[in-house]
Amino acid sequence: MGARIHLVNPSDVSFGIAVITPRWLYVLAAASGDAWGDPIIVDETLERLDFSTIAPGDVVGIGIHTGNALRGYEIGRLARAKGAWVVFGGIHATLFPEEPHEYGGAHAVVRGDGDHVWPTVVRDCLTGGARAQYEGGRIRGDEFLPARWDLLPEGRYMWASVQTVRGCPKHCSFCSVWRTDGQEPRQRTVDMVIREIVELRRRGFRFIALADDNFYPVTLDDLAKARRRLDGGNLRMLEQLRLERFELMQALSQLPDDMVFFTQITMEAAEDAAFLDAMRRARIRGALIGVEAVTPEGLKDVYKGFNLVGEQLVDRLRLFQRHGVNVLGSFIFGLPSDRTETFKATVALAERANLTFAQFVLLTPFPGTLDFEAWAKNTNDRQIVDGIPVTKYWLIPQSRRPKLLMPHPTLEAEEIRVRAQEAWDEFYSWRQVWRRSRVAESLKSRLAFVLISKLYRQMYANTGIATDSARVQRSALLARLIATGCRRLFMARPMPDLEMPRAATVERVA
Ligand code: B12
Ligand code: SF4
């Protein structure tokens, strides 16, 4: 048998079942073509890679973000020791193309989008001429490849993920998207997106995460500014992008009515009643919104002055709910302006705003962000853990990695960690979860809501913020049990005969 391609999504913790499909695996599988047989796909959030499947001469593609880079490097070294060709890609490899060579046994690193360059890399490996680095670039929206959903293992994921736009015009200081994916939104055509969703529904997936950086790439303010500047070209481009969003939502609304979509969006969308109405019709029932901070000082800390605070913030968030869009609010703790009272005030606001879910993350300087640059410049390289400077914290083993990296002017790191954990505990207490479960209609749906809330907390809070490894292991086990129970709730009867909806054209939008 000839050489095989393996695609591996590294993870330190495996749950047996996962919430969302890591899309890159199935996009690169599509990019692999059929010259080398179907790739072997391994998602370690489900289970660990079995190295006995790797043979000398095989090609092993590993996709890394900052959080899983260290496990990725371990896999790379072991795969290389087995005589395989090792290639790294993904956001972290794009930012640090030398690192996989130094730590991960890489033969090659791909920067940027892998869709088109991947077959060249595989061919070069198999003919013995792999280059150290390849540039995948930023491909156009209409060039994104659809994923190979036929390779998805059955019953292991609750949500499938389909990307509709890449890139974001904002410039939040803690986010690398606008710098790596660019500030110009690259939208896929409506037809491409719907084709994938129809295929997923045919296979029995009714929950779809729209894996976008920002589902609302053009704000009313952007349009007004372009109009004021008499910038005709830009205005037409923005209007076209906006029109296509409406066309997409119109097409989504024609899909079977048991389908549910979830996306990531900025709070500004609440200004736009026409957009929110279209979201409701499209059955976009949930959105992750980066609230980040509840005070003006906090928002200034992260260059997110376009968000609101106080009661105006509560009203804005409630507006989403009134349009049938349940909000997963994302908050950051550890900002310089945070004080002891910020933690409780944040949870109270999340409850007042009727958020359906919330996540409380610790401020982390991700490479590629403005925060990272400022922090790395001011951080003394002599701050070393296990021989590794903290400015390369992702190379420090998880159990030894400091949970909070950026020093706070008034609070101790441990206080921030403990209070953040308390915020999760309070928001996801049985009492609060049961109260929030009223968003579901039947008793069965309410119970499902409770299970999912508890699962979310176990997967993201307890395995992320806890310092004690026994607690992490217990949480992973509990999450695995809950996930097994939840899985069935997400499956739907396959609809093999489902047709593509008629092409949707929206002439004009408000
Ligand atoms: C959807 C999404 C999520 C979803 C789903 C995650 C999942 N299971 O897929 C949710 C909401 C759960 C999530 C959670 C988190 N996410 Co997230 N997420 C995204 C998002 C918006 C899209 C990812 C996606 O599916 N893209 C579509 C695929 C096709 O694109 P891609 O992954 O970039 O892959 C392409 C290339 O990178 C390349 N490529 C990738 N791998 C490989 C491998 C090889 C061999 C090759 C050749 C090429 C290649 O080719 C692919 C095709 O072009 C990205 C933003 C972004 N633009 O990447 C953030 C992003 C990846 N997330 C990020 C973060 C920080 C997180 C969290 C830590 C947030 C938090 N604080 O809790 C968690 C971590 C979860 C975890 N443990 O993985 C950061 C990562 C930053 C960094 N430097 O690592 C990003 C970049 C967003 C940001 N704001 O900066 N996320
Ligand atoms: S956090 Fe969201 S709004 Fe801000 S730059 Fe990143 S993707 Fe855009």
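The values are calculated or read from the model by the stated rules, or taken from the named source; none is laboratory data. A quick note: this is a predicted structure, and the numbers were derived from the prediction, not measured. Note: ideal-geometry Cβ built from the backbone for every residue, glycine included; neighbour counts use all protein chains shown. For the accessible areas, the whole protein counts, side chains as well, though only heavy atoms, and no ligand, DNA or RNA atoms are used. Shrake-Rupley method; radii C 1.70, N 1.55, O 1.52, S 1.80 Å.
For I64, the amide hydrogen comes within under 5 Å of the amide hydrogens of G89, G90, I91, H92, A93, counting only partners 5 or more places away or on other chains and with H modelled in the peptide plane. From its DSSP helices (H runs of at least four residues, each -39,500 (n - 2.57)), the chain gives a residue-normalised ellipticity at 222 nm of -11500 deg cm²/dmol. Farthest towards the positive end of the charge dipole of the chain, among the residues T356, I64, Y26, is the Cα of T356, using unit charges on the Cβ of Lys, Arg, Asp and Glu. Tell me, what is the 1.4 Å probe accessible area of R131, in Å² to the nearest 10? Accessible area, nearest 10 Å²: 130 Å².
Considering only L395, Y428, P97, and ranking their Cα positions along the charge dipole of the chain that arises from unit charges at the beta-carbon of Lys, Arg, Asp and Glu, the one farthest toward the positive end is Y428.
Computed with a 1.4 Å probe over protein heavy atoms only, the accessible surface of the chain comes to 44 Å² per residue.
Descending by average beta-carbon neighbour count within 10 Å, the peptides 435-441, 241-247, 371-377 line up as 241-247, 371-377, 435-441, the highest first. Could you list the residues of region 128-159 with an amide nitrogen less than 18 Å from a label point located 7 Å from the Cα of D191 in the Cα-to-C-beta direction? Answer for this model: 140-147. For region 253-337, the carbon plus sulfur part of the accessible surface works out to 50%, probe radius 1.4 Å.
Going by the alpha-carbon gyration tensor, a ≥ b ≥ c the square roots of its eigenvalues, is the chain rounded (a/c under 1.5) or, if a/c is not under 1.5, prolate (a/b greater than b/c) versus oblate? Rounded. The phi torsions of region 260-271, fed into the Karplus equation with coefficients 6.51, -1.76 and 1.60 and a -60° offset, translate into couplings of 10, 10, 9, 9, 10, 8, 8, 4, 4, 4, 5, 6 Hz, rounded to whole numbers, with Gly and Pro shown as x. Solvent-free Debye calculation, one equal scatterer per alpha-carbon of region 292-413: log10 I(q)/I(0) at 0.10, 0.14 Å⁻¹ equals -0.38, -0.68.
Counting lysine pairs in the chain that sit 8 or more residues apart in sequence, or on different chains, and whose Cα atoms lie under 15 Å apart gives 5. Separation of region 184-223 and region 265-280, taken as the distance between their Cα centroids, equals 15 angstrom.
Counting only DSSP beta bridges with both residues in the chain, the antiparallel share comes to about 10 percent. Computed from label points 7 Å out along Cα-Cβ, the spacing between K392 and E341 is 4.4 nm.
Here is the short version for the chain: C125, C168, C486 have no other Cys C-beta closer than 4.7 Å.
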